[in-house]
Amino acid sequence: MATFFPTPYEGETFYSTISRYHIYSANLNSKDTLRDLFNTTSVTAGRELPANIDLLLKNIPNNHSFTTNDIIFNNTLYKYYTCFLTKEKADYIYNLMANGNGSLIFASLGMCGNKMKNDFSLKYCPECVKSDRSVFGEAFWHLNHQIPGIFICPNHMCKLYICKKSTEVKNRQEYLNLEFSIGNNDESIVGFNNMMIEHQERFIMNLNKIMNEKYQFKEMNFFREYYLKSLIEKGMAESRVKIYQQDLLRDFKGYYSEDYLSLLGCSFDLNDKYNWVTTITRKHRKSFHPIQHLLMIEYLNIDIDELFDSEYMEVRKDNKRSDKNDEEKKIFREKWLELRKKYPNKNISFVRKLDFSTYRWLNKYDRKWLTDNSPKKNGCMNSKRIDWQKRDEEILSKVRKAVKSIYNSKEKPERVTVGAVGRKIGKIYLLQKSLDKMPMTKEYLQKKCESVKQFQDRRVKWVRENVTINGESEWIVMRKAGIR
Ligand SMILES: [Zn+2]
């Protein structure tokens, strides 16, 4: 029995909470911590999908407000690993985590055959560590840093560091506390270029949805059918039996680059008949890794909300148009072209929503024509899909708060720059790269950012107001402000 237990921080892994208990309890041996919390020492320290959560809750004082369900959903990678699985499988994993045999969890995901390397090293962002220390007095392991496939911090957009100690520890029952585990020898991953950062941004955008939304589970092969539909739209397939595999594989590789695919453990050989890109587009009975699904989703420019909102729809065996008469065809074609003329700069999902029945008819009976007469999908950054006006408003309100807090801070002044504001709101990359797309934010920042001179004046004023010894000369004031 434990006499206390810390409350998990928002976005903390449950493993991390236990590692904080371990330090607070002053237990010298990890086995003592296991005995306190689980009444047994035959438990492994699950970093991603921990087990025996019910048991732990029984062994801590019941003055806490979290349940097994809260922990599984908010403090583990359960949602990440199960979102592309069937409900039955996801429920089974849930039960294993709550009160089942933890050693079965990874095998039950059904991903053993997919050649993905499991990497359980612990990762962290130096900026988050700094900010956690100042806010909470201690740093902890963040859930979204441990997600396989993520290499940059979703908040700060800087590279994550790999805790070297976590890759060396052989004892699988040890809970490493971040504060006692990170060190100067830790390194971030190497060879990261701008294109990879763009891919990571899209990856993170989709992951945030998976981790925050409540998506419905889908049946086996649901995703395959959806991908197939998109492949047909993209011209990479003609029907369910006719996929241009070689074109697809080459294009896929070209889109991501070999380096990026290798980094994610998803590289494949063009001559391998059973490579994962080919098998994920065929009827299958095995599960694929979430990284593989997310790569397909980005490559096919699929809107993840739309994907999870849609129903199972099997692509017809032959994709030939049926015997619909030409008159009908003419009407639908005209309707479609009219919409296209009215909204020449909108993408297909926008136009589709305006008149879904026309879209559905054409997609079913006149697909080739529809593809030829639809806006081309934007293959790289998903900029058309982003509602920039909305984003502008959201970012502006955050930027306002950040600027205010810099100006009102009682601490040593910090110069107001785009970079400083970006760091504060955790969107430095967005502000530096896409400010032109957010005119209101841009205008506001242009007004509020300080020149060196303005900043020096403010700094001098601050020193004057905050120097408590009377009678100081201006020279001292200037020197304290760091101005010659
Ligand atoms: Zn961070």
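Miscellaneous remarks
- Pair-distance distribution P(r) for the chain, from all Cα-Cα distances in 10 Å bins starting at 0: 3, 16, 23, 23, 18, 11, 5, 2, 0, 0 percent.
- Taking the 1.4 Å solvent-accessible surface of region 326-372 as the whole, the part contributed by carbon and sulfur is 51%.
- Accessible surface of region 218-309, 1.4 Å probe: 48 percent of it comes from carbon and sulfur atoms.
- Here's how it looks for SER188: its modeled amide H is under 5 Å from those of ILE162, which are all 5 or more places away or on a different chain.
- The stretch between SER409 and ASN95 holds 108.2 nm of extra length on full extension. This uses 0.36 nm per residue minus the Cα-Cα distance.
- Accessible area per residue in Å² at 1.4 Å probe, computed on the chain: 53 Å²
- Between PHE180 and SER103, the FRET efficiency estimated from the beta carbon spacing at R0 = 41 angstrom works out to 0.90.
- ASP436 contributes an accessible area of around 120 Å² to the protein surface, as traced by a 1.4 Å probe with all chains present.
- The distance linking region 323-365 with region 392-425 is 46 Å (Cα centroid to Cα centroid, whole angstrom).
- For region 394-406, Karplus couplings with θ = phi - 60° (6.51, -1.76, 1.60), whole Hz, Gly/Pro x: 4, 5, 4, 5, 5, 4, 4, 4, 5, 4, 4, 5, 5
- For the set LYS229/LYS424; LYS283/LYS342; LYS58/LYS424; LYS209/LYS412; LYS214/LYS401, the pairs lying more than 32 angstrom apart at their alpha carbons are LYS229/LYS424; LYS283/LYS342; LYS58/LYS424; LYS209/LYS412.
- Within region 243-286, backbone nitrogen closer than 18 Å to the virtual label 7 Å beyond the Cα of LYS376 toward Cβ: 248, 251-252, 254-256
- Cα convex hull of region 218-309, projected area averaged across orientations, nm²: 5.7 nm²
- Relative to the longest principal axis of the Cα atoms of the chain, the long axis of helix 439-448 lies at roughly 20 degrees.
- Contact order normalised by residue count of region 139-227, Cα under 8 Å, 6+ apart, percent: 27 percent
- In summary, the aspartates and glutamates within cross-link reach of LYS410, defined as a Cα separation below 13 angstrom excluding same-chain residues under 8 places away, comprise GLU465.
The values are calculated or read from the model by the stated rules, or taken from the named source; none is laboratory data. Given the structure is predicted, the values throughout are model-derived calculations rather than measurements. In this analysis, Cβ positions are derived from the backbone assuming ideal geometry, glycine residues included, and neighbour counts consider all displayed protein chains. The accessibility values were calculated without ligands, DNA or RNA, using every heavy atom of the protein model including side chains. Shrake-Rupley method; radii C 1.70, N 1.55, O 1.52, S 1.80 Å.
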